[in-house]
Every structure is written in structure tokens, then in C-alpha cells.
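The values are calculated or read from the model by the stated rules, or taken from the named source; none is laboratory data. The structure presented is a predicted model; accordingly, all values stated were derived computationally and were not measured. Methodologically, a virtual Cβ is constructed for each residue, glycine included, from the backbone with ideal geometry; neighbour enumeration extends over all protein chains shown. The area values use the complete protein model at the heavy-atom level, side chains included, leaving out ligands, DNA and RNA. Shrake-Rupley method; radii C 1.70, N 1.55, O 1.52, S 1.80 Å.
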Amino acid sequence: MHEVSIAHSIIQTVLDEKKKNNWAGIRAIGLKIGALSGILPDALAFGFDALKKDTPLESCHLEIEETPVVARCRACAHRFEVEELTFTCPRCASTSLDVEQGQEMLIAYMEVDEIKDTTHDP
Ligand SMILES: [Zn+2]
């Protein structure tokens, strides 16, 4: 399943960052998923919750924000949100558009416990 492999790579990326920065823990990961990315947020959240078990991210919460598709018209430069995947400029009806947003999947932020406090380690 597509979303499980994405969830896996998110976990890998975050664990690499955690190690690199010596973070004590990660409380939340904020993801932005474009409406055109082809990623199903529910399936991704499900995959993440399944994969995080027995990792340092077990108590980490995934927050997913779906970002709308934004396009710019090549004819009149009008920038607009594409609704219901109708790729037509609402101002001049041109179908010659550049998609500026909506295909991406990115980690927007992480809520981390920054300093590792070794005095509380067992
Ligand atoms: Zn236009």
C-alpha cells in the first residue's frame, strides 16, 4: 500500500532528525498533503499509527492538513483555488494553467522535546 511506504519514510526521516539533533522526544508531526498528491490522509494516519509502535515515536501524534490546489492562469495571471478539480480560470475561462500548489507532501513542523535529560534515564 502506497500510504504505508510514505508513513515509513516519514518515520525514518523524523527518527534521523531526532538522532541528529539529540531530541529527547517528538510529540507531534505536522504534515501538509496537497489535494493532488494522491495520498489519502486517513490511510496515511492509519499506516503511521501502525508503524510507530515499538519505535521512539510511539506517543507521537500525526497532524495532517490538506492543502488546496492553487493554480495560476497563463493567460491573465489570475491566481485561484481549484475547486472540484475544475482546471479552468474563473476570470477568463482559459484552461492554460500552472499548478502552483497541491501536489506536495511535506513535513510542515515537528513538536519536539529538545534537550535530552540524561538524569531521568533508567
Ligand atoms: Zn485567466
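Could you tell me which of the residues V14, V112 is assigned to a strand (DSSP E or B) and out of contact with any Asp or Glu (no Cβ under 8 Å at 6 or more places or on another chain)? Lay out the reasoning, then the answer.
On the way: V14 fails: assigned to a strand (DSSP E or B).
After ruling out the rest, the residue left standing is V112.
Quick one: count up the residues across the range 22-42 that are outside any strand (DSSP E or B) and touching an Asp or Glu at 6+ places or on another chain (Cβ under 8 Å).
Residues of the range 22-42 that are outside any strand (DSSP E or B), as a first pass: 22-24, 35-42.
So of that shortlist, the ones also touching an Asp or Glu at 6+ places or on another chain (Cβ under 8 Å) come out as 23-24, 35, 37, 39-41.
Total satisfying the criteria: 7.
Can you tell me how many residues within the range 9-35 are of a type in the set (A, V, I, L, M) and open to solvent by 60 Å² or more (accessible area, probe 1.4 Å)?
Keep residues of the range 9-35 that are of a type in the set (A, V, I, L, M), which gives 10-11, 14-15, 24, 26, 28-29, 31, 33, 35.
If we keep only those that are open to solvent by 60 Å² or more (accessible area, probe 1.4 Å) too, we end up with 35.
Number satisfying all stated conditions: 1.
Name the residue that is farthest from the chain's Cα centre (by Cα), counting only residues in the range 1-11 that are among the aliphatic types (A, V, I, L, M) and part of a helix (DSSP H, G or I). Spell out the reasoning first.
Going residue by residue through the range 1-11, those that are among the aliphatic types (A, V, I, L, M) are 1, 4, 6-7, 10-11.
Pick out the ones that are also part of a helix (DSSP H, G or I) and you get 4, 6-7, 10-11.
Details: V4: 14, I6: 10, A7: 10, I10: 9, I11: 12 Å.
Applying the filter and picking the extreme gives V4.
Among the residues of the range 51-104, count how many are in a loop (DSSP other than H, G, I, E, B), within 16 Å of the ligand (Cβ to nearest atom) and charged (D, E, K, R).
From the range 51-104, those in a loop (DSSP other than H, G, I, E, B) are 52-60, 68, 74-78, 83-96, 102-104; that's our starting set.
Those left that are additionally within 16 Å of the ligand (Cβ to nearest atom): 74-78, 83, 86-96.
Checking which are charged (D, E, K, R) leaves us with 74, 83, 91.
Counting residues in the range 51-104 that are in a loop (DSSP other than H, G, I, E, B), within 16 Å of the ligand (Cβ to nearest atom) and charged (D, E, K, R) gives 3.
Out of L62, L106, L51, L97, report the one residue that is within 30 Å of I26 (Cα to Cα), open to solvent by less than 80 Å² (accessible area, probe 1.4 Å) and touching a Phe, Trp or Tyr at 6+ places or on another chain (Cβ under 6 Å). Working first, answer last.
Details: L106 fails: touching a Phe, Trp or Tyr at 6+ places or on another chain (Cβ under 6 Å); L51 fails: touching a Phe, Trp or Tyr at 6+ places or on another chain (Cβ under 6 Å); L97 fails: within 30 Å of I26 (Cα to Cα).
Just a single option satisfies the conditions, and that option is L62.
From (1) hydrophobic (A, V, I, L, M, F, W, C); (2) within 16 Å of the ligand (Cβ to nearest atom); (3) touching a residue at least 60 places away in the same chain (Cβ under 8 Å), pick out the condition that doesn't hold for W23.
(2)
Could you go through the range 74-86 and let me know if any residue there is modelled with pLDDT of 95 or more and closer than 16 Å to H2 by Cβ.
No, the range 74-86 contains no residue that is modelled with pLDDT of 95 or more and closer than 16 Å to H2 by Cβ.
Considering (1) open to solvent by less than 50 Å² (accessible area, probe 1.4 Å); (2) among the acidic types (D, E); (3) within 16 Å of A108 (Cα to Cα), say which one E3 fails and leave the rest.
(3)
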